[in-house]
Amino acid sequence: MSDASHAHEDPVAQAQARYRQIYNNEPRWVVAAPGRVNLIGEHTDYNGGFVLPMAIERRTVLAAGPSSDRNITLHSSRMSEPATFELVDPLPKGEPTWTNYVRGVIAGAQQRGVKCDPFHAVVESSVPMGGALSSSAALELATATLIEAMTGHRFDPLDKVLMCQKAEHDYAGMPCGIMDQYISAKGQPGHALLIDCMSNEAKQVPLDDPDIAVLIANTNVKHELTGSEYPTRRKQCETAAAAMGKSLLRKATMQDLLAVQESIDEVVFRRARHVITEDERTVAAAAAMGKRDWARVGQLMYESHRSMRDDFEISCSELDVMVELAEAIGDKGGVFGSRMTGGGFGGCTVSLVKADQAQAISDRMAAEYQQRTGIEPTLFVSRPAGGATIVTAASGEASGAGSEAASD
């Protein structure tokens, strides 16, 4: 499916309608948090490096109301049955496993002395699952924002991000970096966000040129990072850093790495080379973006993909095909650059394209990808979107929060 327009079904309206259908009244609270696409800077966040994501116009919505018992009940349109569990303190992990993203955030709030009452909620999302667009972080940030709406408490912005990251570590078992939660919380319309994952500081980078579009292509190859691939690469990065006497690869240079090349495993060397050079590319891309030097940004995106394919080895044939198709269209056809995005082993590519040619590019890439792989992809354009927000709340409860008057 190829759709280079910004149109998509509104999960806010869907969640509100489904809540009314199930509970026969209006939800008391409605919150939303976006997915993200990382423009450049892959597997650098847990190494203390730089990343350059943007929030996308696809988001996860919770429409909720107070429960009359001690339970939390979640209705997700992506699941065949609702999930119900008792709200206890401390709240443990449990089944079904997808609820652990919610459980972990509630537990983090409990540890901070912020305790919500039992509730029931409808979960609707336009963020593709398994597409490396951070559907999990969107659910975590939506949950944290729901707790804010319910209790009137406002978490410190960075602490809210860290709380959601810890939920993913401890409850979902994924030792992710800080990027996904950070951009879902702090995205701004018309901007990418350059995040320094060592200091946890961030800088908004304008991405509001009307002549430029961000085209996201989901290969529809599902990846599950529950095996050893992610932890193994993280350990390899730690091994390389230790060999250079550094606590993080962010603190190392290529000169440092070359000095220990003969004493470390060749695979570990290549993993570290990717991270060190990817940090350099990410900072350079942010600078070029600020100057609207789209050709330079695109060049860095292609270099990034090659590094992920060859040094970090997290690409796959379908991702490579999608990037090859974009590169074959080239700048004369309106494509500045393209790369895989996310953890790897499937998911999406992200391409920087000319806005007035986005639909033609999308159609061509979709048709040729399906011809070469036999898989129908899903392509869409997104502008940089805003972060997690309270959409509606009971009178007085949204005071001081990042609330919005209308949905997208």
Worksheet item: Could we say that Leu91 is touching a residue at least 12 places away in the same chain (Cβ under 8 Å), not in a loop (DSSP other than H, G, I, E, B) and not polar (S, T, N, Q) here?
Response: no
Discussion item. Going residue by residue through segment 225-237, is there one that turns out to be modelled with pLDDT under 95, under 17 Å from the mean Cα position of the chain (by Cα), of a type outside the set (Asp, Glu) and surrounded by 15 or more Cβ atoms within 10 Å (Cβ to Cβ)?
Written reply: yes
Practice prompt. Answer with yes or no whether Met254 is more than 17 Å from Glu313 (Cα to Cα), without any contact (Cβ under 8 Å) to a residue 60 or more places away in the chain and touching an Asp or Glu at 6+ places or on another chain (Cβ under 7 Å).
Written response: no
Item to complete: Check segment 269-281 and report whether any residue there is assigned to a helix (DSSP H, G or I), farther than 16 Å from Asn47 by Cβ and not hydroxyl-bearing (Ser, Thr, Tyr).
Response: no
Response to the item:
Scanning segment 115-155 for residues that are of a type in the set (S, T, N, Q) and without any contact (Cβ under 8 Å) to a residue 60 or more places away in the chain gives Ser136, Thr151
Discussion item. Out of contact with any helix residue (DSSP H, G or I) (no Cβ under 7 Å at 6 or more places or on another chain) and assigned to a helix (DSSP H, G or I): is that true of Asp356 in this structure?
Written reply: yes
Worksheet item: Out of all the residues in segment 287-299, which are surrounded by fewer than 22 Cβ atoms within 10 Å (Cβ to Cβ) and either assigned by TED's automatic domain parsing to the domain that holds Asp196 or in contact with a strand residue (DSSP E or B) (Cβ under 7 Å, 6 or more places away or on another chain) (or both)?
Response: Gly290, Trp294, Ala295, Gln299
Worksheet item: If you go through segment 47-65 one residue at a time, do you hit one that is farther than 22 Å from Lys166 by Cα, touching a helix residue (DSSP H, G or I) at 6+ places or on another chain (Cβ under 8 Å) and not in a strand (DSSP E or B)?
Response: no
Worksheet item: List, please: which pairs have Cβ atoms under 8 Å, are six or more places apart or on different chains, and start with a residue in segment 24-40 that is among the charged types (D, E, K, R) and end with one that is surrounded by 24 or more Cβ atoms within 10 Å (Cβ to Cβ) and part of a strand (DSSP E or B)?
Response: Arg28/Ala64; Arg36/Pro53; Arg36/Met54; Arg36/Ala55; Arg36/Ile56
Discussion item. Restricting to segment 302-329, and then to whatever is under 21 Å from the mean Cα position of the chain (by Cα) and closer than 13 Å to Arg372 by Cβ, can you tell me which residue is surrounded by the most Cβ atoms within 10 Å (Cβ to Cβ)?
Written reply: Met322
Worksheet item: Does any residue of segment 321-329 turn out to be of a type in the set (Asp, Glu) and within 27 Å of Ala137 (Cα to Cα)?
Response: no
Worksheet, complete the sentence: Taking segment 122-142 and the residues there that are hydroxyl-bearing (Ser, Thr, Tyr) and in contact with a strand residue (DSSP E or B) (Cβ under 7 Å, 6 or more places away or on another chain), the one that is farthest from Pro66 (Cα to Cα) would be Ser134
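The values are calculated or read from the model by the stated rules, or taken from the named source; none is laboratory data. As the structure is a prediction and not an experimental result, all values here were calculated from the model. So basically every Cβ, Gly included, is an ideal-geometry build from the backbone, and we count neighbours across all protein chains shown.
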